[in-house]
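Colleague: Before I ask anything, let me first share the structure, which is written out below as structure tokens.
The values are calculated or read from the model by the stated rules, or taken from the named source; none is laboratory data. Bear in mind that the values here come from a model prediction, so they are computed numbers and not experimental data. Note that each Cβ is placed from the backbone with ideal geometry, even for glycine, and that neighbours are counted across all protein chains shown.
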Amino acid sequence: MVLEIRNLSKSFGGLKVIDDLSFGVERGERLALIGPNGAGKTTVFNLITGVYPADSGRVFLEQSDITGLPSRYRIRRGLARTFQNIRLMPHLTVIENVMIAQYARAPGVRAMLQPVGFGRANRWRAEARAALAEAGLEAYAGEAAGALPYGIQKRVELVRALAASPRVLLLDEPAAGLNPAETEALHQALEAIARRGVTLVVVEHDMQFVGRLCSRVVVLNFGCKIAECASGEIHADARVREAYLGSEELA
Amino acid sequence: MSGYLESVLVLLAINVILAYAAFLPMVAGQLNLGVAAFVAIGAYSAGYLSNSFAVHPVPAALAATAAAGIIGWLVAFPILRTRGIYLALATFALNQLVQGTILNLNVVGGASGYPIPAHIGFPVVAAFSLAVIVLVFLAFRTRFGISVTAVSDDERAADLMGLSVRGLQSAAFTAGAALAGLAGALYAHHFNYIEAQNYGVLFSIYIVLYVLLGGTQTVYGPLLGAAVFTLLPELLRGSAAWRYVIFACLIIAIMSLRPQGVILKRSWFSK
């Protein structure tokens, strides 16, 4: 398994947000993490990436225990993510945002002092520009990221995450707020990323999108795993229907 | 060159270094109200070296730069544990601490000031100032330059992108402290007399104003801010007593028209 969480729990104050959660992701798999609002999906991402420490349980990345690893080292191990509320650096340009993530591949003091600002000749800058061009975003390379429309920012965030050359990519609601054409373009882009061998873990509410992209689904409700099945079988599961629609008796 | 013009240019050269001393931590998201403390450390340690050990003023200035940098690095650890307004207050307190200590140090004259006979002339001051400008411009063309901005924009996301937030913040703070020390050493050896009373928090605030006026988004901002703060009061000399009032009004006007500073990213210069 490329990513595995075992018996993970997390409370905020008296509220148990994640309760004894376990699941694994195979290499090259596309897993969806779904559940109603407040089910704890983003918290799972935050625990995997080390935004907060888990109260108990363990996280494994490629068989090595990363539970206690400081968050900034996790991207260097090949674990990158996007954010539900886009977190580009608003005062950096688009291309600089992409270049920030490259650092994870070659960290250290010498890399920090490497010039990256001189024209197109610089290797890292050229690479970031090529990645933006591939995503059809080259025209925005020199714009301040904070000034761009929402849909563009979302696409830039994906390019940025990929600049770290992740083996596992966590996507937090990638299709939220996108129109049907943008959602289709996103689907194509993620298919291409998956074909390169990147494992995808997706939190998403758009079930049609999930059904097309992902092979397997883990369903959360109140921090517990209530179902785990192939994405085609999701509608047949009574517990999932109950979590989303309320119990059958009431309905 | 007339003596007056030369002394204005020396002040300009020193103020440019001071502006970058405040700019570096500010780009990393830290408001340092203790810049004057590091200026004082640089001025007094350079003066002490040249007075007591007959060190040539240029190596003394370089040693003073290192001393201010090392002290900056040491205090960065406790001080950078604080955030926002508390960080500003901690650096404010540091300024009081250093100033108070020097006032009580009789070996460097205490409250009666400290004469430093060894002289550094205008060309050397100007050369140091140019070197600082070039170094800062180069630094902001490296990964460090985009990384410190990333840290001040969004610490959490910067951390998850693999950047060492604390490392970058303390590096920026340390480099700023070292530059402040250099500026102090150059001032001490050019004007040949220093007084601890001058290195108070008000001086620190002036330096921060250079940067805020010019703008923190590009490396050109502090340059412009330092130039305006040095030259404008001189140009207003015609109106003698009222010049500081006019000057203050102009500052308020610029601040209200351009709260982000005069030079913004992707405006006239940078691309």
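Colleague: Name every residue in segment A:72-82 that is at the interface with chain B (Cβ under 8 Å from one of its Cβ atoms), surrounded by fewer than 20 Cβ atoms within 10 Å (Cβ to Cβ) and either in contact with an Asp or Glu (Cβ under 9 Å, 6 or more places away or on another chain) or under 15 Å from A:ARG160 (Cα atoms) (or both), in order of residue number.
Modeller: Selection gives A:ARG76 alone.
Colleague: Given the structure, is A:GLY151 part of a helix (DSSP H, G or I) and not assigned by TED's automatic domain parsing to the domain that holds A:ARG72?
Modeller: The answer is yes for A:GLY151.
Colleague: Another one. Exactly one condition in (1) over 24 Å from B:VAL134 (Cα atoms); (2) assigned to a helix (DSSP H, G or I) is not met by B:ALA64; state its number.
Modeller: (1)
Colleague: Out of (1) surrounded by fewer than 24 Cβ atoms within 10 Å (Cβ to Cβ); (2) among the polar types (S, T, N, Q); (3) within 14 Å of chain A (Cβ to nearest Cβ), the odd one out for B:SER147 is which?
Modeller: The one condition B:SER147 does not meet is (1).
Colleague: Can you name every one of the helices (runs of 4 or more DSSP H) wholly within segment A:68-126 that holds 3 or more residues which are touching a residue at least 24 places away in the same chain (Cβ under 8 Å)?
Modeller: Values: elements: A:71-74, A:94-102, A:109-112.
Fully inside segment A:68-126 and qualifying: A:94-102.
Colleague: Those residues that are at the interface with chain A (Cβ under 10 Å from one of its Cβ atoms), of a type in the set (Gly, Ala, Ser) and under 15 Å from B:GLY29 (Cβ atoms), I need them from segment B:161-178; list them, please.
Modeller: Answer for segment B:161-178, where residues must be at the interface with chain A (Cβ under 10 Å from one of its Cβ atoms), of a type in the set (Gly, Ala, Ser) and under 15 Å from B:GLY29 (Cβ atoms): B:SER164, B:GLY167, B:ALA171.
Colleague: Can you find even one residue in segment A:31-43 that is exposed (fewer than 14 other Cβ atoms within 10 Å of the Cβ) and either within 8 Å of chain B (Cβ to nearest Cβ) or of a type in the set (Phe, Trp, Tyr) (or both)?
Modeller: No, segment A:31-43 contains no residue that is exposed (fewer than 14 other Cβ atoms within 10 Å of the Cβ) and either within 8 Å of chain B (Cβ to nearest Cβ) or of a type in the set (Phe, Trp, Tyr) (or both).
Colleague: For segment B:99-144, enumerate the residues that are within 14 Å of chain A (Cβ to nearest Cβ) and out of contact with any strand residue (DSSP E or B) (no Cβ under 9 Å at 6 or more places or on another chain). Step through it out loud before you land on a result.
Modeller: Here is the first cut: in segment B:99-144, the ones within 14 Å of chain A (Cβ to nearest Cβ) are B:134-144.
Once the filter is applied, which keeps residues that are within 14 Å of chain A (Cβ to nearest Cβ) and out of contact with any strand residue (DSSP E or B) (no Cβ under 9 Å at 6 or more places or on another chain), segment B:99-144 yields B:VAL134, B:LEU135, B:VAL136, B:PHE137, B:ALA139, B:PHE140, B:PHE144.
Colleague: Still on this model: Do we find a residue being out of contact with any strand residue (DSSP E or B) (no Cβ under 9 Å at 6 or more places or on another chain), assigned to a helix (DSSP H, G or I) and among the aromatic types (Phe, Trp, Tyr) anywhere in segment B:257-271?
Modeller: Checked against the condition, which is being out of contact with any strand residue (DSSP E or B) (no Cβ under 9 Å at 6 or more places or on another chain), assigned to a helix (DSSP H, G or I) and among the aromatic types (Phe, Trp, Tyr), segment B:257-271 yields no hits at all.
Colleague: Can you work out which of the residues in segment A:49-67 that are under 14 Å from the mean Cα position of the chain (by Cα) and touching a residue at least 24 places away in the same chain (Cβ under 8 Å) is nearest to the other protein chains (Cβ to nearest Cβ)?
Modeller: Going residue by residue through segment A:49-67, those that are under 14 Å from the mean Cα position of the chain (by Cα) are A:49-51.
Still in the list and also touching a residue at least 24 places away in the same chain (Cβ under 8 Å): A:49-50.
Working: A:THR49: 6, A:GLY50: 8 Å.
The selected residue is A:THR49.
Colleague: Can you give me the number of residues within segment B:131-158 that are touching a residue at least 40 places away in the same chain (Cβ under 8 Å) and either of a type in the set (A, V, I, L, M, F, W, C) or over 21 Å from B:PHE173 (Cβ atoms) (or both)?
Modeller: So the count comes out to 7.
Colleague: Output the number of residues of segment A:186-228 satisfying the condition of being over 11 Å from A:LEU33 (Cα atoms) and not in a helix (DSSP H, G or I).
Modeller: 10
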